[in-house]
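Asker: For reference, the structure I am asking about is given below.
The values are calculated or read from the model by the stated rules, or taken from the named source; none is laboratory data. No experiment lies behind these values; they were computed from the predicted model shown. When we count neighbours, we look across all protein chains shown, and the Cβ atoms used for this are built from the backbone with ideal geometry, even at glycine. Side chains included, ligands, DNA and RNA excluded: accessible areas come from the protein's heavy atoms. Shrake-Rupley method; radii C 1.70, N 1.55, O 1.52, S 1.80 Å.
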Amino acid sequence: MADLYLDILILLDSALRLATPLVLAALAGLYAERSGIVDIGLEGKMLGAAFAAAAAAAVTGSAWMGLLTGVGASIALALLHGWVSIHQRGNQIVSGAAINIIVAGLAPTLANHWFHLNGQTPLLSGDARFQALIWPGVDAIGNLPVIGPLYAEVISGHNVVTYIAILSVPIAAWVLYRTRFGLRLRAAGENPEAVDTAGISVYGLRYRAMIINGVLCGLAGTALSTGLGAAFVRDMSAGRGFLALAAMIFGRWKPVPTLFACLLFGFVDALQGRLQGVELPLIGEIPFQFTIMLPYIFTVIILAGFVGRIAAPRASGIPYSKEG
Amino acid sequence: MTAERRAVALPAWATSGLLPVLNLAAAFAVSGLVVWAIGESPLEALKLLLYGAFGYGEAIGYTFYYATNFIFTGLAVSVAFKCGLFNIGGEGQAMMGGLGLAVVAIGLDGWPPALVLPAAVLGAAIFGAAWAAIPAWLQARRGSHIVITTIMFNFIAASLVSWLLVGVLKAPGSQSPESADFPEAAWLPKIHDLLAGLGIQIEGSPLNLSFLVALACAGLVWFFIERTKWGYEIRVVGGNPGAARFAGIPITRTLVLSMLIAGGLAGLMGLNELMGLQHRLIANFTMGYGFVGIAVAFMGRSHPIGIVLAAILFGALYQGGAELAFEMPTISRDLIIAVQGLVILFAGALEHLFRPQVQALFRRLGALGEAHG
């Protein structure tokens, strides 16, 4: 029994770690869509930030410099998508897909140019990576029954970006529902004409949403290459940007439900890692190609079965023009 | 904005010719900056790329060979788009189409080409169509977002095929994830062989019969969309779903139909890659061609002739890029991918970028004309 409990805790621990980039990216998508911009470029921004963060951390030896650079790169990409969507009134899905492809090609090209490691960045160690933060009193509390292992395994021992991700959720809820900026942002995504009539700039609101989007995707990418991993590797985002988007839809464009959707996805991801090479009763060993399919199949089932017909922000994806 | 309100209507050659060319030039200019940043000469690179794509007979053959893939995937995006659906699943549909034709080709070992070829084509189309129909049905009936479902289906198809290729379909004795060779009856003839039969000699290249199949598909798609009742229904559902419902057009059936056709077209991509060149099913043979189809459809303004032209452009970029990467070792395959992304961005999402300037130019020309006339 104690073994099973510990097993579940270890699973929850890796679920939380794997959910970190998802939570950040899903919130990034949420800000964008709430302001009226569809963003399927989460994937590309994460990948770009992962590269920039790993490269800067490798050169400076500081994970924090990596974080700054990663966030900077991601903001630049977010503003590019914003400019295409807002001022150029371009097709937002094409723009997002294009950014994904540009980054998938450009990041390994630059990595090769700078580090000559076949499209990767050097392996990070020590201060160049975000290390696990051990919470105070782990030794004392860790010995308590039930609560002890929970505290030691699940709550303590993540890197700082994971805690930032968890904190971003109540902050997002507060910003969106309790501040004037949030009200206007949501209005820009539902009824931009009304926002415009009130004398508030729809363009300005949407650009600000994209800057927040860039910061969050930057954190997500940084978590990938300097927290979860220890270098930038080609295509390391592996569809997480799209899973985040699905989690946001499953969470009905609301921060707290989105967090739970991401945790669920993180859990499925952790489970698929655990199932690799394990003999299950009756079924036997599941081939790894099937276990890595799990999160994707899960996403399809969730979207088809449990979400149903839900309304996205009404003006999401529609360029705004004063002439209507 | 006021400038646009007094906007002059641009002639068709300007919107579908001049603007895309300007966008393309802008994409190349930004790519040139990247090339320059990694320490190579952009002009030299452009020269190598153009020579690699069009400089000699074999190069042209390769350019059209790659263009064949993009005609299929571009049509796949455009048919769905006519119905208002965004099909990002070309990649997975092509993968499943490849699986379909491989199963038929290997299963019908020993049969004559006259039976195997059509059966394999049908296999490719059916598998691709089925893989596209599920997301379409889920969107129509369950409200799942088709963009996300088709992306998930891409991942699932890739895993499924790679699982089959290390298991059931694995070639005996082979270490790499690929199927056994197709029987020769399932090989599509090369264009240079066909022409040699007619007494015309051209340089050898992988360009094969599927290029003609792709052109035929482009024609058929145009006829279907513009001249048939079902095509009309697809356009109405895509243009105005509310009106379609009032007119009694069955929405779900139309959405699924358009995705069936789209998936079937994407599935046919395997004709070129697998039956034309590789002669076996290999993992990841789709190589991102499905995504490029998005740009091809947008750049070609969802018109078959435009799609064929845009496909040739991307074919040239692929072939020229491969030659360029070979000639300039600092320029890798990755950089060519980034260039493609830039072309997609400028041609697909920034179509209005130069419109105000071009309109201003036409206004000035018009004013000049009036003053003189």
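Asker: Looking at segment A:16-29, can you tell me whether even one residue there is more than 15 Å from the chain's Cα centre (by Cα) and farther than 25 Å from residue B:150 by Cα?
Answerer: Scanning segment A:16-29, I find no residue that is more than 15 Å from the chain's Cα centre (by Cα) and farther than 25 Å from residue B:150 by Cα, so the answer is no.
Asker: Taking helices (runs of 4 or more DSSP H) that do not extend beyond segment A:198-286, which have at least 3 residues that are within 27 Å of residue A:177 (Cα to Cα), more than 14 Å from chain B (Cβ to nearest Cβ) and touching a residue at least 60 places away in the same chain (Cβ under 8 Å)?
Answerer: On the way: elements: A:202-222, A:240-250, A:255-275.
It comes to A:202-222, A:255-275.
Asker: Just the residues that are closer than 15 Å to residue A:54 by Cα and more than 7 Å from every other protein chain (Cβ to nearest Cβ), please, taken from segment A:99-117.
Answerer: A:103, A:107, A:110, A:111, A:114, A:115, A:116, A:117
Asker: Oh, and also: Of the numbered conditions (1) under 17 Å from residue A:89 (Cβ atoms); (2) away from chain A (no Cβ under 14 Å), residue B:298 fails exactly one; give the number of that condition.
Answerer: Of the numbered conditions (1) under 17 Å from residue A:89 (Cβ atoms); (2) away from chain A (no Cβ under 14 Å), the odd one out for residue B:298 is (2).
Asker: For segment A:292-324, name all the residues that are modelled with pLDDT of 80 or more and assigned to a helix (DSSP H, G or I).
Answerer: Answer for segment A:292-324, where residues must be modelled with pLDDT of 80 or more and assigned to a helix (DSSP H, G or I): A:294, A:295, A:296, A:297, A:298, A:299, A:300, A:301, A:302, A:303, A:304.
Asker: Let me ask something else. Looking only at residues that are in a helix (DSSP H, G or I) and at the interface with another protein chain (Cβ under 7 Å from one of its Cβ atoms) in segment A:58-98, which one is surrounded by the fewest Cβ atoms within 10 Å (Cβ to Cβ)?
Answerer: Residues of segment A:58-98 in a helix (DSSP H, G or I): A:58-60, A:63-86, A:92-98.
With the extra rule that they be at the interface with another protein chain (Cβ under 7 Å from one of its Cβ atoms), the set shrinks to A:84, A:93-95, A:97-98.
Numbers: A:84: 28, A:93: 19, A:94: 24, A:95: 27, A:97: 28, A:98: 33.
Looking at residues that are in a helix (DSSP H, G or I) and at the interface with another protein chain (Cβ under 7 Å from one of its Cβ atoms), I get A:93.
Asker: Determine which single condition residue B:325 fails, assuming it passes every other condition in (1) in a helix (DSSP H, G or I); (2) open to solvent by 30 Å² or more (accessible area, probe 1.4 Å); (3) free of Cβ contacts under 8 Å to residues at least 60 places away in the same chain; (4) more than 8 Å from every other protein chain (Cβ to nearest Cβ).
Answerer: Of the numbered conditions (1) in a helix (DSSP H, G or I); (2) open to solvent by 30 Å² or more (accessible area, probe 1.4 Å); (3) free of Cβ contacts under 8 Å to residues at least 60 places away in the same chain; (4) more than 8 Å from every other protein chain (Cβ to nearest Cβ), the odd one out for residue B:325 is (2).
Asker: Here is a check on your reading of the model: is residue B:251 touching a residue at least 12 places away in the same chain (Cβ under 8 Å), surrounded by fewer than 18 Cβ atoms within 10 Å (Cβ to Cβ) and within 14 Å of chain A (Cβ to nearest Cβ)?
Answerer: Considered against the rule, which asks whether it is touching a residue at least 12 places away in the same chain (Cβ under 8 Å), surrounded by fewer than 18 Cβ atoms within 10 Å (Cβ to Cβ) and within 14 Å of chain A (Cβ to nearest Cβ), residue B:251 comes out as yes.
Asker: Taking the criterion of being in contact (Cβ under 8 Å) with a residue 24 or more places away in the chain and surrounded by fewer than 21 Cβ atoms within 10 Å (Cβ to Cβ), would at least one residue in segment B:265-275 satisfy it? Give the derivation first.
Answerer: We begin by selecting, within segment B:265-275, every residue in contact (Cβ under 8 Å) with a residue 24 or more places away in the chain; these are B:265-275.
Keeping just the survivors that are surrounded by fewer than 21 Cβ atoms within 10 Å (Cβ to Cβ) gives none.
No: segment B:265-275 contains no residue that is in contact (Cβ under 8 Å) with a residue 24 or more places away in the chain and surrounded by fewer than 21 Cβ atoms within 10 Å (Cβ to Cβ).
Asker: Could I ask something else about it? Collect the residues in segment B:250-303 that are under 18 Å from residue B:315 (Cα atoms) and of a type in the set (Gly, Ala, Ser), keeping them in residue-number order.
Answerer: Within segment B:250-303, B:266, B:270, B:276, B:288, B:290, B:293, B:295, B:297, B:300, B:302 meet the criteria.
Conditions tested, residue by residue: (1) of a type in the set (A, V, I, L, M); (2) surrounded by fewer than 18 Cβ atoms within 10 Å (Cβ to Cβ); (3) modelled with pLDDT of 95 or more.
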{"site": "B:21", "(1), (2), (3)": "yes, yes, no"}
{"site": "B:41", "(1), (2), (3)": "no, yes, no"}
{"site": "B:51", "(1), (2), (3)": "no, yes, yes"}
{"site": "B:62", "(1), (2), (3)": "no, no, yes"}
